[in-house]
Each structure stands twice: as C-alpha cells, then as structure tokens.
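K.L.:
Okay, handing you the structure first.
A short reminder: the numbers here are calculations on the coordinates, not readings from a lab. This one's a predicted model, so the numbers in the text were calculated from it and none came from an experiment. Don't worry about glycine lacking a Cβ; one is built from the backbone with ideal geometry, like all the others, and counts go over all protein chains shown.
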C-alpha cells in the first residue's frame, strides 16, 4: 500500500465503522455468514459489534472475489476479530492506532501478560493486543475447523512462511491481504 493510500486507510476505516454500527447485516448477508460457520460458531459472530460483523463479511467477500473458497479460510475471515467483542470499543481502536504510531513502547507496556482484571482501564488494550490468540481459543471451543483456528491465531503475524504447512501459509497470506485491504 503506497503512502497516500495508507494515509486515507484509517480515516476511511473509521467512517465505515461508524456507518456500519447503524444498521444490522441484511438477511442476505446474514445467510451468507451462517452458510460458512458451524452452528456453535454463530453466537461468536452474533456477539461481535456490527462494524466487526460487517468487516468479517467484507473480508469473506474479498476472498471469494479473489477465487478463494477454502471452508477454513471462510470461517477465519468471519471470526478473526471475534475476541475484540470483549470490551474493545471504537475509541480504544483509535487510541491503539495512535499509540502504535507515536508511543509504541507505552502501548506494549499496557498489553503485557498477565491480563489486567476486567473493568481495569488497560483491559481493552490488552484484549486488542491479544485478540488473535483469544479469538482462536473461542473458535476452537465453538467447533470451528482446526485450520480456521490456526489462521485466526496467526492472522497478525508478520507475513511469509512461518510453518512447515504451505497450505496454511498460503491461506494466511490471503486472509492478511483481504484484512489489510478492508
């Protein structure tokens, strides 16, 4: 992504999140989601804030438009941010972007293990930083495909082969590209 596109990415993402929070998914969109998730995974998606639901559906659609159709990838597209529903609000996300840009060391100190107690002001920042691992745990408990669980766990890892599983690496690269473009 070039510098100009990157500069417009976050403001566009912010305004899309605000617009997405105003209306639920259409019946067509919801049917599309349900077609890709196991029944036990549907409550995870339903618990996500509307902007995250819309984002997951848009990532899925981008992948499908690119010719991707692996069932585990579709599950991961929909649920990769499911753990953020545990207290991460829009203003926390804005703060994370700003902190990453201007005070990354401070953000790193706020997100170290162990998790702060729920209700602590640092908790949403910790959840945001640890959402890949936590989302993978939730997806596994909901009976999602083990490969989807791996993709969710790894979706914020640096790109490139990092395992001896070329299919997983290829699907991860596709998920990361669609997530970054949306």
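K.L.:
To the nearest µm²/s, what D does Stokes-Einstein give for the range 3-181 at 20 °C and 1.002 mPa s, using the Kirkwood radius over alpha carbon pairs as Rh?
P.N.:
The calculation lands on 128 µm²/s.
K.L.:
In percent, what relative contact order does the range 3-181 have, based on Cα pairs under 8 Å that are 6 or more apart in sequence?
P.N.:
23
K.L.:
Here is a follow-up. Sort 34, 126 by Cβ crowding within 10 Å, fewest neighbours at the top.
P.N.:
Numbers: 34 15, 126 21.
Lowest to highest Cβ neighbour count: 34, 126.
K.L.:
Oh, and also: What is the Cα centroid distance between the range 38-77 and the range 130-182, reported in whole angstrom?
P.N.:
Their Cα centres are 12 Å away from one another.
K.L.:
Sorting check: for 85-92, 145-152, 174-181, which peptide has the highest mean count of neighbouring beta carbons within 10 Å, and how do the rest follow?
P.N.:
Result, highest mean Cβ count within 10 Å first: 145-152, 174-181, 85-92.
K.L.:
Another question, if that's okay. When the distances between all Cα atoms of the range 65-106 are binned every 10 Å from zero, what whole-number percent does each bin get?
P.N.:
Answer for the range 65-106: a P(r) of 23, 31, 27, 18, 0 percent.
K.L.:
Quick one: 48, 74, fewest Cβ neighbours within 10 Å first, how do they rank?
P.N.:
Listing 48, 74 from fewest to most nearby Cβ atoms yields 48, 74.
K.L.:
Follow-up. Run the simple label-point estimate for residue 95 and residue 61 please: 7 Å along Cα→C-beta, distance reported in nm.
P.N.:
It is 3.2 nm.
K.L.:
In nm, to one decimal, how far is the residue 169 label point from the residue 108 one, both placed 7 Å along Cα→Cβ?
P.N.:
2.7
K.L.:
Among 112, 59, rank each residue by its count of other Cβ atoms within 10 Å, from fewest to most, as a rough exposure measure.
P.N.:
Result, fewest neighbours first: 112, 59.
K.L.:
Same structure again: Could you work out the relative contact order of the range 41-94? I mean the mean sequence separation of Cα pairs under 8 Å and 6+ apart, divided by the number of residues, in percent.
P.N.:
About 46 percent, as a whole number.
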